[in-house]
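To start, the structure itself, in structure tokens.
Since every read-out is calculated from the coordinates, none of them should be taken as a lab result. These numbers were taken from a predicted model, which means no experiment stands behind them. Cβ placement follows ideal geometry from the backbone for every residue including glycine, while neighbour counts extend to all protein chains displayed.
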Amino acid sequence: MEEIEIIKPDDWHVHFRDNEILKAVVPETTRHFARSIVMPNLVPPILNAKQAIEYKKRIEKAIPTTDNFEPLMTIYLTEETNKKKLKQAFKDEAVFAVKLYPAGATTNSDSGVKDIQKVMPVLEMMTEIGMPLLIHGEVTDKEIDIFDREKVFIDDKLNFICKELPDLKITLEHITTTEATQYVKEGNKNLAASITPHHLALNRNALFVGGIRPHNYCLPILKREMHRKALVEAATSGNPKFFLGTDTAPHLTKDKESACGCAGVFNATYCLSILAQLFDNENSLNNLENFISRNGAKHYNLKTNNETVLMIKSNETSIFREFLHIGNQKIKIFKPDFPVFWTISK
Ligand SMILES: [Zn+2]
């Protein structure tokens, strides 16, 4: 048996949804993580401090009393976002960061930004006060191939924002390509990227193993093996510009296994075990703590957590539960295609 003790991790990108799903998924995250940045793409989206505060209360109600957890709230950037009110919300610590979804990029992103120029005054204000911008980095033009949308976003949109506002604190979220890892490595010092467990574990073949696999469908979509390898290299390298954002995104199986299945992978339950195994497989366990517990906190100018967690490698493969049940509905829990020997104890 092998053991490692590491600083308690944070998850810098989660979807808690609302109502019954929220109650079921929040404990899956709070069991292992100390803090999470919570995405605002509800229906309707979280657009202001008041909505963020109310949403935070609903999340806090769902946290088991045994867990020490802080949700960090975001608001959904639109072309109508009020600069003055946003500044106040950040000063009041009601809102931690702003999320930029290009209109139509993913689940519930219809009210997203169409024209970056229209939000530049808000981004300038955020640069002045040090408020982070979180970006879903994909263009949404129907003419652009779905596998190229991240690269085109970097070339056409992100590069513009980075040139105009070199001091803006930006997280390019859930990156999926060699081009993204390269751009972030070479980019502004305030530019960093989050990476998900499923993009580290799977390439795009996983979408079509013996038939269509709706539970591996997410956005940005899985890419070729060479891109997955670039992500693994970035995550396991210890480079402080890369950190964990699981993008755990629950949908009921009935909505995934459908003629028009929803995008999103629910990975909160076993993501740390899976990551420990991934890093172990790469002989990089020494950099696991950087990726899941240190780099993100540093990027967001937060202290690392005081608590620690113990990760244990057993001789036998872990048996994962397949579903999280919600009444008579269920959510499929992500599991990779390699054996996992690591478990987390509190
Ligand atoms: Zn997401």
Exercise. Out of the DSSP beta bridges found with both residues in the range 2-344, what percent are antiparallel (nearest 5)?
Worked result: 35 percent
For this session: Over the alpha-carbon set of the range 189-292, work out the extent along each principal axis and list the three values in angstrom, largest first.
Result: 42, 27, 24
Seminar exercise, completed: With Cα coordinates, the longest principal axis of the chain makes an angle with the long axis of helix 49-62, in degrees rounded to 10, of 10 degrees
Exercise. In nm, what is the difference between 0.36 nm times the number of residues separating K254 and N68 and their Cα-Cα distance?
Worked result: 63.7 nm
For this session: Tell me what the chain gives for mean residue ellipticity at 222 nm when only DSSP H runs of n ≥ 4 count, each as -39,500 (n - 2.57), the sum divided by the residue total, rounded to 500 deg cm²/dmol.
Result: -8500 deg cm²/dmol
For this session: Enter the Cα centre distance for the pair the range 1-67 and the range 125-150, rounded to the nearest angstrom.
Result: 23 Å
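So if R0 is 35 Å, what FRET efficiency would F160 and M1 give, r being the distance between their Cβ atoms, rounded to the nearest 0.05? Mind showing how you got there, number by number?
Values: r = 52 Å, r/R0 = 1.47.
So, using R0 = 35 Å, E works out to roughly 0.10.
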For this session: Pull out the extension gain between F208 and Q329, defined as 0.36 nm times the separation in residues minus the alpha carbon to alpha carbon distance; nm, one decimal.
Result: 41.1 nm
Problem set entry | Equivalent ellipsoid semi-axes - Cα gyration tensor, the range 255-322, angstrom | 27, 20, 11
Problem set entry | Cα-based helix-to-principal-axis angle, 116-129 vs the chain, degrees rounded to 10 | 80 degrees
Problem set entry | Counted charge near K57, where neighbours are those whose Cβ lies closer than 14 Å (Asp, Glu -1; Lys, Arg +1) | +1
For this session: Calculate the dipole size of the chain relative to its Cα centre from +1 charges on Lys and Arg beta carbons and -1 charges on Asp and Glu beta carbons; express the result in debye to the nearest 20.
Result: 600 debye
For this session: Multiply the residue separation of E143 and E54 by 0.36 nm, subtract the distance between their alpha-carbon atoms, and state the gained length in nm to one decimal.
Result: 28.1 nm
Seminar exercise, completed: Amide H neighbours of Q329 at under 5 Å, excluding residues fewer than 5 places away on the same chain, with H built from the backbone geometry, are none
For this session: Can you tell me which of 172-182, 295-305 comes out highest on packing, and rank the rest after it, using the mean Cβ neighbours within 10 Å?
Result: 172-182, 295-305
Exercise. How large is Rg/Rh for the range 2-344, to two decimals, with Cα atoms and a Kirkwood Rh?
Worked result: 0.93
Problem set entry | 18 Å tail of the calculated P(r), the range 113-189, as % of Cα pairs | 38 percent
Exercise. For M1, M311, what ranking results if the residue with the fewest other Cβ atoms within 10 Å of its Cβ goes first?
Worked result: M1, M311
Exercise. If you keep only loop residues by DSSP, which trypsin sites (Lys or Arg not before Pro) in the range 159-195 have at most 14 other Cβ atoms within 10 Å of their Cβ?
Worked result: K189
Seminar exercise, completed: Going through K157/K335; K57/K241; K185/K223 one by one, the pairs whose alpha carbons sit over 26 Å apart turn out to be K157/K335; K57/K241
Problem set entry | Residues T317 and K189, FRET efficiency given R0 of 41 Å [Cβ-Cβ distance, rounded to 0.05] | 0.50
